Amino acid sequence: METIKAAGYLRVSTLAQAEGESLRIQRTEIERRAAYEGWELVAIYDEGAGWSGGNGNRPEMTRCIADAMAGYKSQEQQVYWPHLQGRICQ
């Protein structure tokens, strides 16, 4: 069975969150989940601070979606799992 390729997406809304533990915690949780599931973590897209969920024009999110589409078109298995599922829809 082929290993599933996965990527994570990190983002916080405020500089205070970025200076705190939030991004590190998000990264750790993504890495733990990938290891638990046996996924190959191929990328972590880190938007950093200051990108509102209401702004769909986020560079790392755009790159994440483009990479997912490229993987889909090339028949690679990919899973994109954001730290909080609701955040991708905000």
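The values are calculated or read from the model by the stated rules, or taken from the named source; none is laboratory data. Keep in mind the model is a prediction, meaning the values are calculated, not measured. Reconstructed Cβ throughout: ideal geometry from the backbone, glycine too, with neighbour counts over all protein chains shown.
Within region 13-31, the set of residues being at pLDDT below 80 and in contact with a helix residue (DSSP H, G or I) (Cβ under 8 Å, 6 or more places away or on another chain) comprises just one member, Gln17.
Being touching a residue at least 60 places away in the same chain (Cβ under 8 Å) and among the charged types (D, E, K, R) is the filter here, so list the residues in region 9-25 that pass it. Listed by number, the list holds a single entry, Arg11.
Of everything in region 1-36 that's within 26 Å of Ala70 (Cβ to Cβ) and among the polar types (S, T, N, Q), which residue is surrounded by the most Cβ atoms within 10 Å (Cβ to Cβ)? My answer is Gln26.
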